[in-house]
1. Using the basic label-point model (7 angstrom from Cα toward the beta carbon), what is the V220 to R39 distance in nanometres?
2. How far apart, in nm, are two points set 7 Å out from the Cα along the Cα-to-Cβ line at E98 and at E128?
3. Name the most mobile residue of G64, G206, G99, meaning the one with the largest mean-square fluctuation, in a Gaussian network model of the chain with Cα contacts below 10 Å.
4. Given only helices, namely DSSP H runs of n ≥ 4 each adding -39500 (n - 2.57), what is the per-residue ellipticity at 222 nm of the chain, to the nearest 500 deg cm²/dmol?
5. Any idea how far the Cα center of region 256-281 sits from the one of region 1-68, in Å?
6. Pop the C-beta distance of F58 and R179 into the FRET formula with R0 = 35 Å and round what comes out to the nearest 0.05.
7. With the dipole of region 2-269 worked out from charges on the C-beta (+1 for Lys and Arg, -1 for Asp and Glu) around the Cα centre, which of M111, V135, G194 lies farthest toward the positive end?
8. With a ≥ b ≥ c taken as the square roots of the eigenvalues of the C-alpha gyration tensor of region 2-269, please select rounded if a/c is under 1.5 and otherwise prolate if a/b is larger than b/c or oblate if it is not?
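What follows is calculated from the coordinates using simple rules that are stated; it is not laboratory data. This one's a predicted model, so the numbers in the text were calculated from it and none came from an experiment. Don't worry about glycine lacking a Cβ; one is built from the backbone with ideal geometry, like all the others, and counts go over all protein chains shown.
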Amino acid sequence: MIIDPHIHAVSRTTDDYEAMSAAGVVAIIEPAFWQGQPRTKIGSFEDYFATLVGFERFRAAQFGIRHYSAIGLNSKEANNEPLAEQVMEILPLYLAKEGVVAVGEIGYDDMTAAEDRFFRAQLELAKEVELPVMVHTPHRNKEAGTSRSMDVIEEHGIPPHLVVIDHNNERTCKEVLDRGYWAGFTIYPKTKMGNERMVEVVKQFGSERIIVDSSADWGVSDPLAVPKTANLMKERGVAEEDIRLTTYQNALDAYGQSGQISEDDWLNPPAIDQRTLWEGNSVLRGQEPKVDEQADSGLIE
Ligand SMILES: [Zn+2]
């Protein structure tokens, strides 16, 4: 069983969902992020958040995958301050929805004053709603941005066990772990952190508090990055328990602190019934629906 705790599934296809399920992915976490083009109206954020906690959960479940979200204002769009202020007002509504396991992904992109302002405001919000935090670290100035993210989190008095610092590399990993945080690693198919390098990280740092994810989105990325890394770790002689912790259990323990995700969700899942509709719509486009036996016999509604 595998959890991908960072994937932007709205940008992926049903083929991806089928392949992920076949590769052992039982649950995913989808953090709110920007969509390649900045939004210009609050309604675009509202509909996006509603999709994450609504239709996308339904769509994933149609392929046997349990879907959870992190809701937040991403760092890039924090730079449109008038709009960001409006987003802050609607966040509490969506953070209270079922299956929302964290405030995220939040943090720094360019480390501007506006980014800093809304990162801090959302850390305060996380304390208020008592949810873990998923932190996006910048791709430029990675080391400085990662250290500064942790400094700010500490200023706001959030304990590290409630925070996943994501998009780490070999250079940021030690400090993140030493300071007591969960350390997320995004596996990129061609550049940055590849799965070969990830195997070496686990060999060097072990498996405690290390989490592997795909961050697959609308860009060049791989929705099978986590199962592929698990397979490569196995091939390279990493212990089964270390593989289980980094590709499943640690994510569950970190985000399980929300009380919104538990193993029982996929060990005793509702049966798949692709005849089910979401507000009158199906995912099938005229294809033959997949219906689990229990659903068909009416044992599970
Ligand atoms: Zn992301």
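1. Using points 7 Å along Cα→Cβ, the separation is 2.9 nm.
2. That separation, rounded to one decimal, is 2.5 nm.
3. The residue that fluctuates most here is G206.
4. -11500 deg cm²/dmol
5. 13 Å
6. Here the calculated transfer efficiency is 0.35.
7. Of the candidates, G194 comes out farthest on the positive side.
8. oblate
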